[in-house]
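Step one of this worksheet: look at the structure below.
The values are calculated or read from the model by the stated rules, or taken from the named source; none is laboratory data. Nothing here was measured: the structure is a model prediction, and the numbers come from that model. Note that we place each Cβ from the backbone using ideal geometry, even for glycine, and neighbour counts take in every protein chain shown. Surface accessibility is based on the protein's heavy atoms, side chains included, excluding ligands, DNA and RNA. Shrake-Rupley method; radii C 1.70, N 1.55, O 1.52, S 1.80 Å.
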Amino acid sequence: MTINLKKPELLAPAGSLEAFFAAMESGADAVYAGLKEMSARAKAKNFSLKELERMISYAHGRDRKIYVTLNTLVKERELPQLVETLSALEAIGTDAVILQDMAVWRLAREHFPGLNLHASTQMTIHNSAGIKMLEELGFKRAVLARELTLEEIAEIRRQTGMELEHFVHGALCFSFSGQCYFSSFLGGKSGNRGRCAQPCRRRYRHRRDQGYYFSTNDLSAIDLLDELAGAGVGSFKIEGRMKSAEYVANVVAAYRSVIDAPAGMKQAVIKEAKEQLRDSFGRPPTRGFLQGPAPNDIAVPNVHGATGRFLGKIEQLHGARISFRTGAPLHVGDRVRIQPQSDQAGKAFTLKEIFRGQKRSGQAKQGELVTIVSPFRGEFRKGDAIFKVSSSAAFTMSDAACHRLLAAAAERTNRVVLAVSMPDNKTLELTAVAGGVELCECYPVEAYPARERPLDREVLLSVFGKGGQDGVELAELRCGKLPPVVIPPSRLKEIRRDFYRRLRQSLSSVSNGNTALRRREALGNLLQPATEPVERSRRLTVAIRSLQEARLIDNPEIDRILVPLEPGVEARLGKMPRRLKNDRQLLVWDLPFIIFERDWDSYAATVRALLAAGWRRFRLNNLAHFRFFEPSDEALLATGFRLFTLNSQAALAWREFGAEEATLYIEDDRENMLDLTRRSAGLDYTIVVYAQVPLMTTRVPMPRVRPESPLVSGRDEHYLVRRQKGTTTLSAETDFSLIGQLRQLRPVCASYVIDLSHLSAFSPEGKSILAAFQADRPVPATSLFNFACGME
């Protein structure tokens, strides 16, 4: 595979207008920004469509790009809004859309082909099979999972020519992105809907130890940029749409300096950039997984992980006066945050006074004992930590200044090919082609014989080349032989203004007409709800932990069993229950959602062997899994809840890929489930009604945590850790159950999954759960998750 040797793109976050201009001025090649709706950072300020249109004009005028984040999961009732959004984004010339939900892919592909599509890191693309699937689907770029090593990225690059993007700086998630349900399980605030409450940043107890077991340090790959480019990464992404303009300006400038540094000065520039990044007020730096699959510095339990540059701890308290020895220079105007030892939220304030001894000063040097005055009297204690969170010398731009700059940005221009001729000495004929529009106009002119310089190409260029204010840009001027005459310049300017005005109206009319037509078609093609409920016969699938429990299928109340697929399982089938021997479709093989590159071939061999032996049913949990199967395989495919199905457009996508069954999203609520299942996408819907919810699945090592002992929150919530083949899963001790709600579910769906893979199906607990299902009796000490309370 040929590697593109051009300089990588530097991609910056923009969660506010101030951050957008900070990125532009500091050297970003592109920014990614979200709208006020449908963004995975709902707490950022984000932008209106009108603001975004001006931002695109501003960026394009400087040869930069803007990618819009639609990387959130979409509920059924939000599909019309999604159509309107996609239509508008295509119309204003958005460079690309970053997406997670396959509804965005399907609607864009079918109705808005002008949109380039980037696969969000929340799609958990972590192997070359996932990339190849994206290529088949027409994606332009993949944002790789942050759990990959440089070696794994290089192997993916060897097998694809697709654009690859990878994070190089900023906050990390403990869980694989897109696969964290922790925040949602605690209060309905879904990270996949942009509302993460960050329970991973809290303190937990394990046995006798207290620690921040899930609070990750910040990624910083400033000294690995050459290695990343060599591995095939073409876009270096900085995390931080929730961060300040100061952070964006500082981090972008640091990375810009290293990207542009001559080879002979690279190390010196990296050293300087690292010092500059110390003032970006983040957490301690880590290289993440880039240099190996088991780093020991991503999550360090005894490190709080609070953002900001650590200055010291409170040594003395006198009313509002706080004394400490500062670990970094301080200035009046800097902003600090004091973090209580109790793990409660910190308090931030701007320094209005600094004392060195008894003397008031405007600044203090690193290492000096200083006193500052807090507006929060009585809130802090000796030993509380002090962090510097922004500098008085920070990048600042008022909202008014930002909007003035946007207002001055030229509107999006259309490139025009213009032909000029004079059929006679009294007529000037103009013909323009732009944006699929051809316009021809004839203008009467008074021409005079030329005494010096006659009308020629240069004269026409000087007049018709000035079209920027008219929303057009002259790309090419064609003119044949012109008579030796002079046309008054004032008349030529009148003609230019009138002609470009007419051209712009034609372009607008055609564009608006096409946009309106595609929008109407997209809205018209959304599935409509059935007028009458569909009667369905009940079907129960039980997930078990291994083939050793396959005899569960002998229970006549159970229609299918779901069994984990492991490499080589085809050689360990052994003695199968008679019911399975008679009908192999009663067993569904469940693929693990993480299969790294090194393991892919062994899984592929097992899938081929199972198909050859007559096994047909498989449940898929990652987009890459479709690559195991060809249309001629006769495989019967179902999607698991990790392949998000929150709307009928996503369901239609799974059907197009060959699935006959889709499992509804485990975070979903009753209202949306009903909205979705009333629409037939040509496949069966299935609902998980009992499971231990995998709150987080991670590649981050947890060597200090023993699986037999729970992690306990300050609210006395217990969490269990399970390790399995390079990944670790954190689950709530409280299981999820909709058993007892089956009468409410019947109008939604009658195909159910009970997941007993964390128990023995033959244990007293497993037997009682199955008995409760048959009686539709609630299981004690379980959670409804978001079913009744709703998912935000």
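Couple of notes before you dig in:
- Selection within region 230-245 - of a type outside the set (Val, Ile, Thr) and farther than 12 Å from Gly15 by Cα: Gly230, Ala231, Gly232, Gly234, Ser235, Phe236, Lys237
- Residue-level check: of (1) buried (at least 24 other Cβ atoms within 10 Å of the Cβ); (2) over 20 Å from Ala129 (Cα atoms); (3) in contact with a Ser or Thr (Cβ under 8 Å, 6 or more places away or on another chain), Thr677 misses just (3).
- Looking across region 641-661, the residues that are touching a Ser or Thr at 6+ places or on another chain (Cβ under 8 Å) and within 20 Å of Arg584 (Cα to Cα) come down to Ala659, Glu661.
- Selection over region 60-82 of residues that are open to solvent by 40 Å² or more (accessible area, probe 1.4 Å) and either in a loop (DSSP other than H, G, I, E, B) or in contact with a Pro (Cβ under 9 Å, 6 or more places away or on another chain) (or both) gives a count of 4.
- Figure legend. Inter-residue proximity from region 723-746: first residues within 17 Å of Phe185 (Cβ to Cβ) and open to solvent by 50 Å² or more (accessible area, probe 1.4 Å), second residues outside any loop (DSSP other than H, G, I, E, B) and of a type in the set (S, T, N, Q), beta-carbon distance below 9 Å, spacing 6+ or different chains. Indicated pairs: Thr734/Ser783.
- Residue count, region 190-211 (criterion: open to solvent by less than 20 Å² (accessible area, probe 1.4 Å) and either more than 22 Å from the chain's Cα centre (by Cα) or not hydroxyl-bearing (Ser, Thr, Tyr) (or both)): 6
- Of the set (1) touching a helix residue (DSSP H, G or I) at 6+ places or on another chain (Cβ under 6 Å); (2) open to solvent by less than 20 Å² (accessible area, probe 1.4 Å), all apply to Glu155 but (2).
- Filter result for Leu695 (free of Cβ contacts under 8 Å to residues at least 60 places away in the same chain and either part of a strand (DSSP E or B) or polar (S, T, N, Q) (or both)): no
- Filter result for the condition that a residue is closer than 21 Å to Glu494 by Cβ, touching a Ser or Thr at 6+ places or on another chain (Cβ under 7 Å) and either modelled with pLDDT under 85 or assigned to a helix (DSSP H, G or I) (or both), over Glu458, Glu473: Glu473
- Residue pairs meeting the criteria (Cβ under 6 Å; at least 6 apart or on separate chains; first touching a residue at least 12 places away in the same chain (Cβ under 8 Å) and surrounded by 19 or more Cβ atoms within 10 Å (Cβ to Cβ), in region 333-359; second of a type in the set (A, V, I, L, M) and in a loop (DSSP other than H, G, I, E, B)): Asp334/Leu351; Gln339/Ala306; Leu351/Val332; Ile354/Val332
- Verdict on Pro701 being touching a residue at least 40 places away in the same chain (Cβ under 8 Å), under 27 Å from the mean Cα position of the chain (by Cα) and crowded, with 20+ Cβ neighbours inside 10 Å: no
- For region 584-604, the condition holds for at least one residue, the condition being that it is within 26 Å of Glu147 (Cβ to Cβ), of a type in the set (A, V, I, L, M), modelled with pLDDT of 95 or more and assigned to a helix (DSSP H, G or I).
- The lone criterion from (1) of a type outside the set (Lys, Arg); (2) under 30 Å from the mean Cα position of the chain (by Cα); (3) assigned to a strand (DSSP E or B); (4) more than 20 Å from Cys200 (Cα to Cα) left unmet by Ile754 is number (2).
- Selection within region 543-570 - in a helix (DSSP H, G or I) and free of Cβ contacts under 8 Å to residues at least 24 places away in the same chain: Gln548
- Residue, farthest from Gln585 (Cα to Cα), within region 616-632, restricted to residues that are part of a strand (DSSP E or B) and in contact with a helix residue (DSSP H, G or I) (Cβ under 8 Å, 6 or more places away or on another chain): Leu620
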